[in-house]
Amino acid sequence: MLFNSWEFLVLLVLTYGLYYFSPWSGGRHGKAWQVTLLLAASTIFYGWEDPRLLLLLGVSCVGNSIATAKIILFKSQGDEASAKRWVRLAVILNLALLVVFKYAGFLAGLVPGLPVSWVAAMKAIPLPVGISFYTFHGISMIVDVWRGEVTRESDDMLSRGKRFAKGVRDIGFYLMFFPQLVAGPIVKAKQFWPQIAAKLHGDVRWGVVVRSLIAGYFLKMVVADNLAEQTGLLTQPALASMGAFELIPLLYGYSLQIFADFAGYSLIALGLAAMFGYQFPDNFNFPYLSTSLTEFWRRWHLSLSSWLRDYLYIPLGGNRKGEARTYLNLFIVMFLGGIWHGAEWKFALWGSLHGLLLGVERFWFRGRERTVSSWWMRVAGWVYCFQVVTLLWLTFLMPDMHHIRLFFEGLGRIDGARGPVLYTVAVFGGAVLLYHAAGWLKEHRQKWFSRFRGSWTEGVCYGLMLFLIVTNSGAPQGFIYFQF
Amino acid sequence: MNGSSHPGRFAFGLLTALAAAFLAQTLLLKGPAARLPKGESNFFSSLARIQAAARQPNSVTLVGSSLTGRLPGMESGNAGVGNLGVDGGSTVEGLSLIDSGRVGCGPVLICETNTLLVGVGGKPSLLTRSVGKPWFEAGRKCVNFSAAARPSSMGYAGLLKWKRGAPESTGMPFVVMDHSEVSLAIPHEFSDAEERRILEVITMLGRQRSKGIGILLVKLPGGVQEPGYAAKVRAAAAAVSSAAEVPMIDLEAILPRRELSFTDGAHLAPGSAARVLATILEVAGIPERPSVPSETGR
């Protein structure tokens, strides 16, 4: 089910009404009712298109619940070795799930001499929507419990029977909560678990809800979906006949589209979670204001960067094991981060290039002040960063290396551009630039921005966005990150 | 309202802007901006035509691709002409909308043959799936929510109007051909998918004929096709004409390309589009020709 579908609207309204206004919403069983209701709504949300997907998600929920209970049990008994064995087992099983359903076909293709029919069978394994996200949630649950960062509520799971069932319910809720289920943000267990409680309608942060939902739907439905109609040309046969004046605007258009699509999704998720009393971390912080790739990764898909840092980069040794090892760790994290997006070499290439450039930047800034103070250096950094990031998005957009080659060949042709391409990129891409201009004001003109916040002029901006959502949305498209 | 220092002011600004934007849009829609033949989006340009055609009864319904889409229909203020031309699509999409009852058809149906074999074997397009859905219906009933009322499309149409400026001249003599003159029985090899497409079109046209709808197949001037493929399309059109027993005309034989203007070498410019439509209606023998607007330079 998509956030921009009518069936979702119906599900949301029903769930919202029952969540806050049913006879069971308050009182002793308020938490049980609300969590169970959201679990049921999430089940409908996820299983709407293909109920078979629920089976795998169910296996993940129960498996992670059992592992969590075991880790808590052994830790409470002081048996660290057994607890650690369960952590290893659970992480391996979570990753195995990902490997089988996401990477089996890709890996089988790399094994020489494997019968063609086997490779074909493995490539035919369907990719369950959101598996990359709920697997990472599962690993976060296991590791945070092992580290003692998720404790109090999990202790309930020590006993069997009813309490274990409650534990399964809560872990299932953490993995499945519909705003984050399919494409994140990847909320860590230690961030989410303490929030599971009975919620009151009066506690809803409506400012967050209204701003996040309007800005999110605007970025997705107005900006990304309108840009998609034109940028889609890059993957069609028309690519072979395009010249530089079309290809370059379309590439920039895609760069702005992928931001609008994913940041829009994340904002919608944030707003929906806030409607039900939950707080998600920000996933984007105006990434196209970055003046280096290092800064870009502190602003783009923050929840993934933070997950990779906590559960991969730091366990690998981070920057504590010498200079050479730091570069290697950086590269490994970016390479795996690339592969996480999909079982294809193009994603590996994307991650590797980011990893290499991060290494180069780290080397460049060695022993120097990391923040550049002069305005022209900042502008130069911004130009470099935006061009590199945009160019590397080619690997995301293009189906294969052949299309990437066609793109570069097309750059040699100097033809006129079609009006709709230039107009669409200018108008809808311009909205992303305005969004970032607002971000720049927020960061650099704080006094002015604090006056703007909550004022009627801010209301006008949101009113216009709402108007455009209703009258100027693009042809409905799926979210780009759903495929990951 | 948490996270907002002045929730009342914020809400006031939001509601005022919303109301003002709708008011401005409504005023614009009362003027020439309401006639939107072509916006920046193929999808919404097509949807605008279909919504306009579905809004009131047609006396003539046109189905085809973007070539047909350029002919002035109700969306351009040409009363009585429902244009189901689908940009990037084919005749089959408009026909299937009529056949499934999602859009009504006038007593005369004009089918473009240029794109009879476009998208063979493909899935139903997003556009045809959108017709009849809540957004489409909302736009059909309230013009503010229609595809023609998109601010970006109005802006694009305004830019085109500004860029293209003065209208073209029209007034060339129309030549009427009997369909038997161009009913070509060209033997041709079709793939299974192409045969299925031809059969599908024949079946849908047969159903419309049985309802008493007059049908005319038309090869429109314009479009760019490789010669071998063009011959195949002609053969497919001839096969449909013969099997469905509907007349067919080749407008390129009547109105040579050199006498027409095209915006991009493939699609008719407004004046030429109006002239082509007038010719079609004359050939179809429409007793009361719907008014074709004077040249707008869109």
- Query: Suppose R0 equals 51 Å; then what is the FRET efficiency for A:ASP415 and A:SER76 from their Cβ-Cβ distance, rounded to the nearest 0.05?
  - Reply: 0.15
- Note on the structure: Placing each pseudo-label 7 Å from Cα in the direction of the beta carbon, A:GLU344 and A:LEU328 end up separated by a distance in nanometres of 3.1 nm
- Message: Bin width 20 Å, origin at 0, all Cα-Cα pairs of chain A: what percent of pairs per bin?
- Response: 21, 55, 23, 1
- If packing is taken as the mean number of other Cβ atoms within 10 Å per residue, what is the order of A:6-15, A:392-401, highest first? A:392-401, A:6-15
- Query: Relative to the Cα centre, what is the charge dipole magnitude of chain A, using +1 at the beta carbon of each Lys and Arg, -1 at the beta carbon of each Asp and Glu, and rounding to the nearest 20 debye?
  - Reply: 1420 debye
- Message: Placing +1 on the Cβ of each Lys and Arg and -1 on the Cβ of each Asp and Glu in the range A:185-323, which of A:ALA197, A:GLY318, A:PHE280 has its Cα farthest towards the positive end of the resulting dipole?
- Response: A:ALA197
- Task: Please give the net charge around B:GLY82, taking every other residue with its beta carbon less than 10 angstrom from that of B:GLY82, where Lys and Arg add +1 and Asp and Glu add -1.
- Result: +1
- Calculate the dipole size of the range A:1-98 relative to its Cα centre from +1 charges on Lys and Arg beta carbons and -1 charges on Asp and Glu beta carbons; express the result in debye to the nearest 20. 460 debye
- Query: Considering only the other residues whose Cβ falls under 12 Å of the Cβ of A:HIS436, what net charge follows from Lys and Arg at +1 and Asp and Glu at -1?
  - Reply: +1
- Could you work out the mean count of beta carbons from other protein chains within 10 Å of each residue's beta carbon in B:149-159? 3
- Message: As an exercise, use a Förster radius of 25 Å and the Cβ-Cβ distance of B:ALA79 and B:ALA138 to find the FRET efficiency, rounded to the nearest 0.05.
- Response: 0.65
- Add +1 for every Lys or Arg and -1 for every Asp or Glu among the other residues with Cβ under 13 Å from the Cβ of A:VAL388, and state the total. -2
- Task: Starting with the highest mean, order A:289-299, B:250-260, A:127-137 by the number of other Cβ atoms within 10 Å, averaged over the residues of each peptide.
- Result: A:127-137, A:289-299, B:250-260
- Query: Just counting partner chain Cβ atoms within 10 Å, what average do the residues of peptide B:14-23 show around their Cβ?
  - Reply: 6
- Residues in the range A:99-134 reached by a label modelled at A:MET401 [backbone nitrogen below 15 Å; 7 Å Cα→Cβ]: A:110
- If the label point is 7 Å along Cα→Cβ of A:LYS31, which residues in the range A:121-152 have backbone nitrogen under 17 Å from it? A:150-152
- Task: Have a look at A:TRP6, B:SER66, B:PHE262 and report the one farthest towards the positive end of the charge dipole of the protein assembly as shown, computed about the Cα centre with Cβ charges (Lys/Arg +1, Asp/Glu -1).
- Result: A:TRP6
- To the nearest whole number, what is the average tally of beta carbon atoms from other chains within 10 Å of the beta carbons of peptide A:210-220? 1
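Every number in this text was worked out from the coordinates using simple rules, so none of it is lab data. If you're wondering where the values come from, they're calculated on a predicted model, not measured in any experiment. Virtual Cβ from ideal backbone geometry, glycine too; neighbours counted across all protein chains shown.
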